[in-house]
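Undergrad: Sending over a structure as structure tokens; questions will come in a sec.
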Amino acid sequence: MGASVAAPADSPRASGRRPWVLVLLLAFLGVGVFFSPILGTVSVAPDTVLRILLHQVSGGALFSHPCAGASVPASGCAGLIEIVWDARLSEIMLAVVVGAGLGISGGTLQGVFRNPLADPFLLGISSGGTLGAAVVVVFRIGVADQNLLLPLFAFIGAIGTGFVILVAARSRFGSVETLLLTGVALSSFLSAVLSLLLLYSPTGSLQVDFWLLGNLGSLDWTQDGIVFGVVLVAGTLLATYGRELNLLQLGPDVAQSLGVDSRKVRVRLLLLASVTTAAAVAFTGIIGFVGLVSPHVVRRIAGSDYRIVLPGAALVGAGFLLAARDLSLVAFPGTLLPIGIFTSFAGAPFFAYLLFRRRGTSTMGSP
Amino acid sequence: MSGPTDPALRLRQVTVRFGERMALQDVNLEVPKGQFLALTGPNGSGKTTLLRAALGFLAPQSGSVELFGSEVLSLSVAERARRVAWVPQEENPRENVPLLDYVLYGRYAHLEWLQGETARDREAALRALRAVGLEERAEDGILSVSGGEKQRAILARALVQEAPLVLLDEPTSHLDIAHQLDLLTRVRELSRERNVTVVAALHDLNLAARFSDRIVVLSRGRRVADGAPTEVLSEELLARVWGVVADLRRDPRTGAPYLLPHHLVPPAPSGPGTFLGKGPVHVVGGGGSGAPYLRALSEAGYRVTAGALHLLDSDLETAENLGALTAVEVPFAPISDEVRERLRNLLQAAKAIVVAPFPVGPSNLPNLEEVRGWLGRVPILLVRRPSGVEWDFAGGRARALEEELLRGGARQVAGAAEMLAALAAEPSVPLPQ
Amino acid sequence: MHLYDLSSSSAPPRRTVPLAWFAVVVIVAAGVSVVGIAASYALRGGSSSGPLTITDDLGRRVTVPLDPARVVVLGPSIMDSVYRLGLRSHVVGVDCYAPALGGLSSDYSADQVALWNLSSSMCVQTGPTFDVEQLIALGPQLVLAATIVSVAAVEQITQTYQIPVVMLQPATLTGVILDDQLLGEIFGVSSASSSLANALQTVLAQAASLQNDLTANGTPFPTLLVTYSADGNGYWTFGPGTFGESLIELASGASISANATLSYPELSGEQVLASDPQFLVYGTGFGINESTYAGAPFWSQLTATQDGRAVGMDSNYFTEPDPTMILVGLPQLMAILHPGSSAQ
């Protein structure tokens, strides 16, 4: 029998799997992390920066006088070390961790929803987080601990929103469409609550703006550690679901017939993605486009196997956010732009470029 | 796990409701291991629901579904996948995954958490691709192959799943005729080679009859027929379940029955005093002689059948316009054994027989011979022939047969009105079903 | 191909991950947070670098060095107090907007920039994002900040970089006086502080006596609307509980927005027309002038506008809770509302 029909000549190539790309991405990221502290709002000579880094890394053994010969600011060499090591490096590590968290969440959600436009904020997680942050600011909760309480409430707000979606997901009518619409509706509702809350607290509005625009500054190692811990745990668990996500792309029924408990897996993935996103954005506010763009970039360069897309999206997300930080400092020297503005500013055209560069090849099948 | 006597699939009193709609109603079904069962029925009859219940996708409101002796919902999802594989009607993959990887998805239920596919799994996938004739295309993307190849790849995936039961839901509905035959032939072969039980929902009754060991017909959520294709398929079933008038023939090469659908059963006239679905009454006629009686019967609410008639006979046209089942012979040829067999089927179903005043020759004499066989079993009405017109062109054999009929209890009627009156007086003609 | 044989082989048990591991994720996440918070408390122990512990306007207890030589001031209202206390030389940095996007904060008027010689100061970016690096580079011993800086950022500066931050955000005019006393205390300038306090008290006493006179004579307070900005929808003004509201009260005026729900409401044209205040005081400066208000609803129909009792006033004098508001803004407002009164 076998009356086979030849594939059309211009048909897209099968998307392969290129795990070595991950190694390359990791190497790029390492180099980026090492050299990024050269950039900052205060100008410090690159060689001084590197000396300080090595001094700190070696526990003071190398370059016992790292600032020797360098022009030091009013705060002296100690100030310079604080700037490079505490302010810049903690900011850079945060960019890496948050970017990785957003990237892997984005990859997961695009897989769970089988929708190339899904991103971590689609579920209303951002609105929930913003509301949590606003509650702390407006009701002046624990003023003396706001640097930790604000993120904590933001986290609770974000995870609470995610939880509502999860309840919807577990219900009988939890179709993918229902979930998306629940997220969108919840997002609007929470935004309305936020607006109302801020009307009564104009100074609060100033403070929440901060959060809404997304920022990497104002952080220290403790906060880095918290985000890092949560993102590492949740992100690692997410990365183990690559095979299930591959199967879910065939539809929940087919996946289930192949042995994936579609509903349970979907709920778990949503939970983990919510936790990751919530932890990532709790300290930084809303950073757009990283979660959306990163998985698409990975698909382009490393293939569409979710076992690679998930870790790849984490690496690309980390690199993207770090690059956004660095580029914003190059483009606007001495100025700290809210990173959320810059990621959207740079991410949107890049996304359009990705979509139109090779029209024949979609990064995620046909809609 | 399962005993050797447990059937591959067993449904007991399964009822599934979607809101008000009954999708399955008290369905009992047992599929022994190794059987190729075709599940058929009109759209919305519950075929897909039955398959979904067997896959554990939905929980019946009552009754139980067992796979190899275990309640399906009590099995883990992975365990279900190791027992039953599914070939859906259509799959819309989003990623252009190489066929080999696509087939490897079938190994999921056999792999440990985080365990990668081993060389053995890849070997199995390649063998499965070879079995469906896609070995050469293992590296091609799923989005770049044809519909038939995609369906075969899905079949290969079901094979590497190594499930002893495979459910196919309209696997051929998007395929052209060559690919339909190709796919089902492969399924048939594979099921025989590997002793895999197959349950396939199929719209196409001819494919069902040709490939399956057994056909189960569902209608409005109930099992209405069940048995070997030759037992189950009948014109009556087609008319009753699908509302389609068709000829049932036998494929001389394979021996499988096949159907030649004609047209829909026209809605019976309704109104006071008419009986819906009365009959059927078989009319033997020819040369236009049967037309007035066919029409009169149809108008009075009887279902009619007709034959045997020759193609191009005006009575045949009338009968078909009325939605009658017919036995048809090629023009001018003597009635063959095959058509005679079909006539017999029609007569068997008839509740009464009307013999129109048709000219009888050697070629259509078998009509009267067959009618004779029903003397005393159903009412036979002979329409009186006009005097002075020659009608027996069979050398007196026709006259002899008519006399024999009259002697045997057939009644003579003068026209259509008398025919209807006689039928109405017959207690053996059943009231509407 | 090996066929999965149901009757003999038993499939390897597939490891099931218990549903309970949701809980594990949450517990681990919570655990990490708790450790982090505990660590930050531990760190905070060693931050006492000065002999003076004060409570700021947000109720934070802050230990500050006495008479710090290097101070960063974030907020024009605080800068006003600092200048009037003769502490300009201590200021090594002030707040600014993103340098690449405009530099010095637009909250400073041209007069203030010149008077306070701000262009010579280093600036610390506070908007749209707070720049910790620039702050550290200035090496301040103390930061005085209004709530233009995120409280979370303030806490981080205090805890991580051991730089004390005092938040000064008075809600009322009395709060302005208290904050000036606090500054006097920190910088040990009691004489300057008390002379500033005296000047402030003098003005406040005049306002009080005017109010007593009016009340004694049974003269009703004139109704007015104080607006600092307007658009096609209406007029932005002060609601209850704001320093703007307390300014109007001290000036013996009856604000038509005294019963507003919001702190900084926008009154619609209808509301203003219905109240039809006797006086209309509109803020100018910062790019806003009379023509801004002319575009607001019913502007020309208002009695105050038609009768020439719509008066412009420099926004600097009533939009920042600082000594200038009392020393300059209050007398100006009283003069508008009560021309020829004894207070002049």
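Undergrad: If you add up the charges near B:D315, with Lys and Arg at +1 and Asp and Glu at -1, over every other residue whose beta carbon is less than 15 angstrom from its beta carbon, what do you get?
TA: Values: positive: B:R295; negative: B:D313, B:E317, B:E320, B:E329.
That works out to -3.
Undergrad: On each of the three principal axes of the Cα atoms of the protein assembly as shown, give max minus min coordinate, whole Å, ordered largest first.
TA: Largest to smallest, the principal-axis extents are 148, 79, 49 Å.
Undergrad: Find out how many positive minus negative residues lie around B:A178, taking Lys and Arg as positive, Asp and Glu as negative, among other residues whose Cβ is under 13 Å from that of B:A178.
TA: Residues near B:A178 contribute -1 overall.
Undergrad: Would you calculate the separation in nanometres between label points at A:T236 and B:E341, each defined as 7 Å from the Cα along the Cα-to-beta-carbon direction?
TA: Those two pseudo-labels are separated by 7.2 nm.
Undergrad: Also: Could you work out the mean count of beta carbons from other protein chains within 10 Å of each residue's beta carbon in C:143-152?
TA: Taking all residues of C:143-152 together, the mean is 6.
Undergrad: For segment C:77-93, just list the computed ³J(HN,Hα) in residue order, Karplus coefficients 6.51, -1.76 and 1.60, θ = phi - 60°, integers in Hz, with x standing in for Gly and Pro.
TA: Running phi through 6.51 cos²θ - 1.76 cosθ + 1.60 with θ = phi - 60° gives 5, 6, 4, 4, 5, 4, 5, 5, 8, x, 10, 3, 5, 7, 7, 9, x Hz.
Undergrad: Need one number: the % of Cα-Cα pairs in segment B:1-121 sitting beyond the 20 Å mark.
TA: Across segment B:1-121, Cα pairs with separations above 20 Å total 53 percent.
Undergrad: Calculated from DSSP H runs of 4 or more alone, at -39500 (n - 2.57) each and per residue, what is the 222 nm mean residue ellipticity of the protein assembly as shown, nearest 500? Walk me through the intermediate numbers first.
TA: Values: 41 runs with 514 residues, N = 1144.
Taken over the protein assembly as shown, the calculation gives -14000 deg cm²/dmol.
Undergrad: Give the percent of DSSP beta bridges with both residues in the protein assembly as shown that are antiparallel, rounded to the nearest 5.
TA: The antiparallel proportion sits near 40 percent.
Undergrad: Can you list the DSSP H helices in chain A whose Cα atoms extend at least 18 Å along the helix axis and whose mean Kyte-Doolittle hydropathy is 0.0 or higher?
TA: Result, helices passing both filters: A:20-35, A:90-113, A:125-138, A:146-170, A:176-199, A:221-239, A:262-284, A:306-331, A:339-357.
Undergrad: If you don't mind, another one. What does the C-alpha gyration tensor say about the overall shape of segment A:17-357? Classify as rounded when a/c is under 1.5, otherwise prolate if a/b is larger than b/c, or oblate.
TA: Details: a/c = 2.16, a/b = 1.38, b/c = 1.56.
The shape class here is oblate.
Undergrad: If you don't mind, there's one more thing I want to ask. Could you tally the net charge around A:I83, taking each other residue with its Cβ under 12 Å from the Cβ of A:I83, Lys/Arg +1 and Asp/Glu -1? Don't skip to the answer; put the middle values down first.
TA: Details: positive: A:R88; negative: A:E82, A:D86, A:E91, C:D131, C:E133.
Once positives and negatives cancel, what remains is -4.
Undergrad: Another question about this same structure. Using Cβ counts within 10 Å as a stand-in for footprinting exposure, how do B:K47, B:K150, B:K33, A:K264 rank, fewest first?
TA: Numbers: B:K47 26, B:K150 22, B:K33 18, A:K264 15.
Fewest-to-most Cβ neighbours within 10 Å comes out as A:K264, B:K33, B:K150, B:K47.
Undergrad: Which aspartates and glutamates, if any, have their Cα less than 17 Å from the Cα of B:K150, not counting same-chain residues under 8 positions apart?
TA: Here the aspartates and glutamates satisfying the reach criterion relative to B:K150 are B:E90, B:E91, B:E95, B:D101, B:E135, B:E136, B:E139, B:D140, B:D169, B:E170, B:D176, B:D182.
Undergrad: Using alpha-carbon positions, what is the distance between the centroids of segment B:106-139 and segment A:218-287, in Å?
TA: Centre-to-centre (Cα) distance: 28 Å.
Undergrad: Mind checking the full-extension length gain between A:D209 and A:L62? Use 0.36 nm per residue of separation minus the Cα-Cα distance, one decimal, nm.
TA: In short, 48.7 nm is gained.
Undergrad: Report the dimensions of segment C:221-337 along its three principal axes from the alpha-carbon atoms, largest first, rounded to Å.
TA: Rounded to whole Å, the extents work out to 34, 28, 24 Å.
Undergrad: Follow-up question, since we're still on this one. Going by amide H atoms built from the backbone, whose H comes under 5 Å of the H on B:D226, apart from near neighbours?
TA: B:V217
Undergrad: Taking amide H positions as placed in the peptide plane 1.01 Å from N, state which residues far from B:V283 in sequence (5 or more) or on other chains have amide H under 5 Å from it.
TA: The list, which skips near neighbours in sequence, is B:T305, B:A306, B:G307, B:V354.
Undergrad: Also: Cross-link partners among aspartates and glutamates for A:K264, C-alpha distance below 16 Å, same-chain residues fewer than 8 apart left out?
TA: A:E244, A:D253, B:E79
Undergrad: Report, as an integer, the average count of C-beta atoms from other chains found within 10 Å of each Cβ along C:94-100.
TA: So the per-residue partner count for this stretch is 3.
Undergrad: Suppose we keep just the DSSP beta bridges with both residues in chain B; what percent of those would be antiparallel, to 5?
TA: Close to 45 percent.
Undergrad: Quick one: which of C:134-146, C:160-172, A:325-337 comes out on top by average Cβ neighbours within 10 Å, and what's the full order, highest first?
TA: C:134-146, C:160-172, A:325-337
Undergrad: Round to the nearest 0.05 the FRET efficiency obtained for B:Q115 and A:A185 when R0 = 30 Å and r is the Cβ-Cβ distance.
TA: FRET efficiency, B:Q115 to A:A185: 0.15.
Undergrad: Order by neighbour count: B:R107, B:R192, fewest other Cβ atoms within 10 Å first, most last.
TA: Arranged by neighbour count, lowest to highest, B:R107, B:R192 become B:R192, B:R107.
Undergrad: Using the 2.2 N^0.38 Å rule of thumb for compact globular proteins, work out how segment C:128-186 stacks up: its C-alpha Rg over that value, please. Mind showing how you got there, number by number?
TA: On the way: Rg = 12.5 Å, N = 59, 2.2 N^0.38 = 10.4 Å.
In units of the 2.2 N^0.38 Å rule of thumb, it is 1.21.
Undergrad: May I ask you to derive the FRET efficiency for B:V389 and B:E426 from their Cβ-Cβ distance with R0 = 35 Å, giving the value to the nearest 0.05?
TA: Approximately 0.75, to the nearest 0.05.
Undergrad: Further question: Starting from the amide H of C:T227, placed 1.01 Å from N in the peptide plane, find each other amide H under 5 Å away whose residue is 5 or more places distant or on another chain.
TA: C:V281, C:Y282, C:G283
Undergrad: Would you mind telling me which residue in A:V227, A:V143, A:V281 has the biggest mean-square fluctuation in a Gaussian network model of chain A, where springs connect alpha carbons within a distance under 10 angstrom?
TA: It is A:V143.
Undergrad: Would you please classify the overall shape of segment C:58-169 from the alpha carbon gyration tensor, given that a ≥ b ≥ c denote the square roots of the eigenvalues, rounded means a/c under 1.5, and beyond that prolate means a/b larger than b/c while oblate covers the rest?
TA: Oblate is the answer for segment C:58-169, as a/c is 1.5 or above yet b/c matches or exceeds a/b.
Undergrad: Fewest to most neighbouring Cβ within 10 Å: what's the order for C:Y228, A:Y200?
TA: Least crowded to most crowded, the residues run A:Y200, C:Y228.
Undergrad: Treat each spin label as a single point 7 Å out from the Cα along the C-beta direction, and report the B:L73 to A:V193 distance in nm.
TA: 3.5
Undergrad: Between C:N217 and B:R192, what is the label-point separation in nm under the 7 Å Cα-to-beta-carbon projection?
TA: Those two pseudo-labels are separated by 11.9 nm.
Undergrad: Separate question: Per-residue Cβ counts within 10 Å, from other chains only, averaged over A:244-256: what number is that?
TA: What the average comes to for A:244-256 is 5.
Undergrad: Between A:V167 and C:L262, what's the calculated FRET efficiency when r is the beta-carbon distance and R0 is 41 Å? Round to 0.05.
TA: Result of the calculation: an efficiency of 0.75.
Where a number appears in this text, it was derived from the coordinates with a stated rule and is not lab data. This structure is a prediction, so every number in the text was calculated from the model and none was measured. Here the Cβ is made from the backbone with ideal geometry for all residues, glycine too, and neighbour counts use every protein chain on show.
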